[in-house]
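Okay, structure first, notes after.
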């Protein structure tokens with residue numbers, strides 16, 4: 001059951017990524033495939049969904065091995081769950097009405113921001129062993145978003161392009177951008193804290209593993 005679910009859920013996430021990349025190749029500003037790929041890989045949503053695909057599909061096909069052992073670790077899967085929940089939250093409250101996407105664009109958005117985080121949440125609740133994530137891991141969950149922010153501003157300084165309006169110096173002053181970074185850090189920590197509290201609650205009930 002778990003392998004079937006992970007394969008299907010991972011395939012849907014992979015489809016969403018491929019669809020989004022194909023759509024980006026058709027954007028007016030897509031000067032080359034390299035530029036499109038760089039911009040595609042500059043979205044935190046894409047990062048989170050690539051991690052979801054790896055966590056779901058790789059263990060389904062290769063249940064044994066070091067890579068699968070790493071991808072099945074509760075701490076890593078909780079981190080990915082945290083990032084995907086952050087993606088869904090920011091999209092719903094900040095980004096969902098920007099651009100008024102329709103057709104295939106809207107389908108890709110729905111898959112990457114709602115469907116895949118929801119499917120990964122099911123996997124996390126049902127099959128990830130509970131009570132094994134440490135409280136001190138909360139601070140570690142900030143490392144990846146911090147690296148992402150560093151990359152975003154480095155690439156933006158070179159290319160003049162930023163993936164999100166709340167990180168764009170052309171629209172916001174330095175104080176507002178700092179506020180965006182602090183807000184992101186707080187959201188990551190709050191989301192991770194909620195997941196750890198849920199993890200402990202499920203561990204106390206014996207979890208929901210099947």
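The values are calculated or read from the model by the stated rules, or taken from the named source; none is laboratory data. Note that this is a predicted model, so its numbers are computed, not measured. Quick reminder, even Gly has a Cβ in these numbers, built from the backbone with ideal geometry, and neighbours come from all protein chains shown.
The figures follow:
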item	result
Every pair of residues 6+ apart whose Cβ atoms lie under 6 Å, when the first sits in the stretch 62-90 and is on the phi > 0 side of the Ramachandran plot and surrounded by 13 or more Cβ atoms within 10 Å (Cβ to Cβ) while the second is modelled with pLDDT of 90 or more and not in a loop (DSSP other than H, G, I, E, B)	none
Considering residues of the stretch 22-48 that are surrounded by 14 or more Cβ atoms within 10 Å (Cβ to Cβ) and farther than 18 Å from residue 159 by Cβ only, the residue modelled with the lowest pLDDT	23
Hits in the stretch 1-41 - residues which are in contact with a helix residue (DSSP H, G or I) (Cβ under 6 Å, 6 or more places away or on another chain) and part of a loop (DSSP other than H, G, I, E, B)	30
Matching residues, the stretch 36-56, being farther than 16 Å from residue 81 by Cβ and touching a residue at least 24 places away in the same chain (Cβ under 8 Å)	38, 39, 42, 43, 46
Condition broken by residue 204, with the remaining ones in (1) within 19 Å of residue 72 (Cβ to Cβ); (2) surrounded by fewer than 13 Cβ atoms within 10 Å (Cβ to Cβ) satisfied	(1)
Hits in the stretch 163-186 (condition: outside any helix (DSSP H, G or I) and without any contact (Cβ under 8 Å) to a residue 12 or more places away in the chain)	170, 171, 172, 173
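Listed here are the residues, each with its yes/no results for (1) closer than 23 Å to residue 164 by Cα; (2) in a helix (DSSP H, G or I).
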residue: 57; (1), (2): no, yes
residue: 63; (1), (2): no, no
residue: 68; (1), (2): no, yes
residue: 75; (1), (2): no, yes
residue: 86; (1), (2): yes, yes
residue: 90; (1), (2): yes, yes
